[in-house]
Amino acid sequence: MTTHTLELKNVTKRIKGKTIVDGLSFSVREGEIFGLLGPNGAGKTTTIRMIVGLISITDGEVLVNNVNVRQNYETAMERVGAIVENPQLYDYMTGYKNLMQYARIMPDVTQERIDEVIKLVDLEYAIHDKVKTYSLGMRQRLGVAQALLHKPNVLILDEPTNGLDPQGIYDLRNYLRLLANNGTSVVVSSHMLAEMQMMCDRVAIIQNGKMVRIDEITNHDEEKDVKVHFHIDGDVHQAKQVLSDGDTSLVLEIIGNELVVETADNKTIADLNRQLVLAGILVVGIQRKTKTLEERFLEMTKKGGNVNEVAIPVNK
Amino acid sequence: MKWLSLLTNEWIKIFSRLRTWFFILIPILIIIGVAVYDKVATDETAHENWKQELTANIEADKKALEDTKKEDGDEFFIEMLESNIKQNEYAIENNISPYEKTTWQYMKDMAPISFLIGLFVIVVAGDIVSSEFSKGTIKMLLIRPYSRWKILLSKLIATLGFAFAMWLVVIVSTWLVGGLAYGFGGIDQTYIVQSEGGQIKEKLIVEYVFANIGLEFIELTVLVALSFMISTLFMSNSVAIGVAMFTMFAGDLVIMLLQDKEWIIYTLFANMDLSVLIDGQNQFIQELTLPFSITVLAVYTMVMLAITFTVFQKRDVKA
Ligand SMILES: Nc1ncnc2c1ncn2[C@@H]1O[C@H](COP(=O)(O)OP(=O)(O)OP(=O)(O)O)[C@@H](O)[C@H]1O
Ligand SMILES: [Mg+2]
């Protein structure tokens, strides 16, 4: 049985009559990296603020380790570490003293742990400098350090790679994976698709405060998202005609000299190929392509009707 | 138990700011400066014939009194002159030199320095909540496993602690500097006051000094609560500092403008300067008494704190 460390049930936020987060539900499993993906203004940060109790929840429930955030805030927050938007630190103190601020008030943070975390985010060289001398990336690192201090089992990072250099992003990704392997649930938000694809196990796509869908990040999972490209030597339009005559429900598209079919399992691929061959069409290559998360994301969040089309099956 | 570490944190934050050290240093420098200046500039033998001086003063006052009466002058001025004459006469009779200086006298003279302390405390109290909002650090603090009221309470207690500590430092410094400059004696030294009935009385200076110390604790608490409330409501340190300073300094002006209104005695302005009530001299509003003022202040403080905590508890933090 999978354990859920963070659960949102129909969480809604309304500010002055405007619904910013609308009936959002999802559960994060123990040891998974869960992504919140959405365009600017989708409501990612608002959702995170509700989870950590910075703003009130208009409707719905948030459970952290099965504790209701609204009813039992102190217990719920004990094993949560978070960065909400940019980590804001005390400029007039050193990085170390900033960390000490949080180390002091969180349970069971030892001196070894503090040193360990500093080393982890690679800030040893500057930890005794005033934070006002830090670069954006250094602040982000310190922010990550404070979120990790008390070994949270729910780690929530809002745009954690913001300001990090490639090495920093790479290190963070590896470290988050390590944490997840050891049972920590990690929630990251971002509008950077490629990054989410590399980092997360599952991604929730959010738009206008609503859940569009939740995707497992694997190579080729859902049939819907697999496209088969038939390389045709000859008349592509004729090939398209052949297939649509055979099955009118097929979604077909022509790109250059490729006929792209949205489908389907191996059996249909073989079948389609046979139809083409029988019609005397030269198929010089067949390729399966999974839609990248980026393609899916753009497709789903682009303005216009098909957002809702995609959203409907998820909500059923 | 862990709540104490919240308090430690706030304390550390206050003392990590450079300005805090100036706030402590400035009053101490003033205390030393005044004593040194006084020592260097005044001739200690100048007032050896203080009785003759006072007699001369009395003569001058009497003359002024006659003139004023003839011209149907200001009643307040007449009263003041009469009181001066009486006090000086009493001083000569009872051999109480107004020029005798000890550390206690110095502490009494330096009592107005409490305004400066009030000012600095307003700055700290006005900043401690709002600066965390303006810098955004509040969200890093609020996501900890502590209810909001605990976090706010730690800030309140830290500010009060700072205010009281600063006041104590100033008191001890004044006593020490005064003692080194004028000697530590004078515990039985008296001064002259005119009580309400127009009677002239002798009072111990130490009594005044300690009453003033105690009352300043009350005033500081009110100032902290006020500044704290505005800082929390408006999330702006400048508004908080402005309003609190206005209450503290412009109080007299407001009272003058509104003195014929009956409800003036229930305002914060009218009750902010408790030390004038110790002897009841130069009191603007005659109806005020210490117990009354303290009660009014206590009610205001409670209400202000209640508002602060309620608002803070419910606020959506978007910093
Ligand atoms: N206090 C508020 N009053 C009104 N609208 C608000 C308020 N706070 C946020 N919003 C709106 O809510 C929406 C979601 O904002 P949010 O910060 O959650 O987006 P986000 O997904 O984190 O975006 P980004 O990728 O830019 O960080 C935005 O359209 C924003 O304008
Ligand atoms: Mg955001």
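The values are calculated or read from the model by the stated rules, or taken from the named source; none is laboratory data. Note that the structure is predicted; figures quoted are calculated from it, not measured. Here the Cβ is made from the backbone with ideal geometry for all residues, glycine too, and neighbour counts use every protein chain on show. The accessibility values were calculated without ligands, DNA or RNA, using every heavy atom of the protein model including side chains. Shrake-Rupley method; radii C 1.70, N 1.55, O 1.52, S 1.80 Å.
The B:Ala165 and A:Thr2 beta-carbon pair, evaluated with R₀ = 51 Å, returns a calculated FRET efficiency of approximately 0.40. Hey, what D do you get for the stretch B:19-145 in µm²/s if you plug the Kirkwood alpha-carbon radius into Stokes-Einstein at 10 °C and 1.306 mPa s? For the chosen part, D equals 81 µm²/s.
According to the Cα-based calculation, Rg over Rh for the stretch B:203-284 is 1.03, with Rh computed by the Kirkwood formula.
In the stretch A:68-178, the inverse of the mean reciprocal separation of distinct Cα atoms equals 14.2 Å; this is its Kirkwood hydrodynamic radius. Spin-label model, B:Ile78 to A:Asn40: label points 7 Å out along the Cα-to-beta-carbon direction sit 7.7 nm apart. Computed from Cα atoms, the angle from the helix A:136-148 axis to the main principal axis of chain A rounds to 80 degrees. Given in Å, the Rg to one decimal and the Dmax to the nearest whole number for the Cα atoms of the stretch B:25-77 are 18.4, 52. So which GluC sites (Glu not before Pro) in the stretch B:112-218 are both in a DSSP loop and have at most 14 other Cβ atoms within 10 Å of their Cβ? Sparse-neighbourhood loop GluC sites (Glu not before Pro): B:Glu196. The calculated pair-distance distribution of the stretch B:48-98 uses every alpha carbon pair, bins of 10 angstrom beginning at 0, and gives 27, 48, 21, 4 percent. Site pair A:Asp235 and A:Glu74 shows an inter-label distance of 8.0 nm when each label is modelled 7 Å from Cα along Cα→Cβ. For chain A, modelled as a GNM whose springs connect Cα atoms under 10 angstrom apart, the maximal fluctuation among A:Val187, A:Val236, A:Val117 occurs at A:Val236.
Of the DSSP H helices in chain B, those that are both long (alpha-carbon extent of 24 Å or more along the helix axis) and hydrophobic (Kyte-Doolittle mean at least 0.5) are B:18-41, B:148-182, B:205-234, B:290-314. Computed 3J(HN,Hα) for the stretch B:132-144, one whole-Hz value per residue from the Karplus formula 6.51 cos²θ - 1.76 cosθ + 1.60 where θ = phi - 60°, is 5, 6, 5, 8, x, 5, 4, 6, 6, 8, 6, 8, 8, glycine and proline marked x. Angle of helix A:236-246 to the longest C-alpha principal axis of chain A, folded into 0 to 90 degrees and rounded to 10: 90°. Per residue of chain A, the DSSP helices (runs of n ≥ 4 H) give a summed -39500 (n - 2.57) that works out to -10500 deg cm²/dmol at 222 nm. Of the residues A:Gly23, A:Gly38, A:Gly143, the one that moves most in a GNM of chain A with alpha-carbon contacts below 10 Å is A:Gly23. When the P(r) of the stretch B:161-319 is calculated, the portion above 21 Å amounts to 57% of the C-alpha pairs. Take the Cβ atoms of A:Glu61 and B:Asp260, set R0 to 51 Å, and the FRET efficiency comes out at 0.30.
In a Debye calculation with equal point scatterers on the alpha-carbon sites of the stretch A:150-189 and no solvent, what is log10 I(q)/I(0) at q = 0.19, 0.32 Å⁻¹? The computed values of log10 I(q)/I(0) come out as -0.54, -1.12. Projected label points at B:Arg19 and A:Thr133, each 7 Å from Cα along the beta carbon direction, are separated by 2.3 nanometres.
Of the two radii for the protein assembly as shown, the radius of gyration is 1.22 times the Kirkwood radius, both from the alpha carbons; that is the Rg over Rh value.
Seen against the Cα atoms of chain A and their longest principal axis, helix A:306-315 is set at about 70 degrees. The Cβ shell under 12 Å around B:Ile85 holds other residues with a net charge of -3, Lys and Arg each +1, Asp and Glu each -1.
Highest GNM mean-square fluctuation among B:Trp50, B:Trp167, B:Trp263, for chain B modelled with Cα contacts below 10 Å: B:Trp263.
Shape descriptor for the stretch B:262-311: Rg over Rh equals 1.06 (Cα atoms; Rh from the Kirkwood inverse mean 1/r). Compared with the alpha-carbon gap, the fully stretched path from B:Ala46 to B:Val239 is longer by 64.6 nm at 0.36 nm per residue. For the stretch B:48-98, the fraction of 1.4 Å probe accessible surface lying on carbon and sulfur atoms is 46 percent. Across q = 0.09, 0.16 Å⁻¹, the stretch A:4-216 modelled as identical point scatterers on its alpha-carbon atoms has Debye log10 I(q)/I(0) values of -0.33, -1.07, in the order of the q list.
Its Cα gyration tensor gives chain B an equivalent ellipsoid. The semi-axes, each the square root of 5 times an eigenvalue, are 43, 24, 15 Å from largest down.
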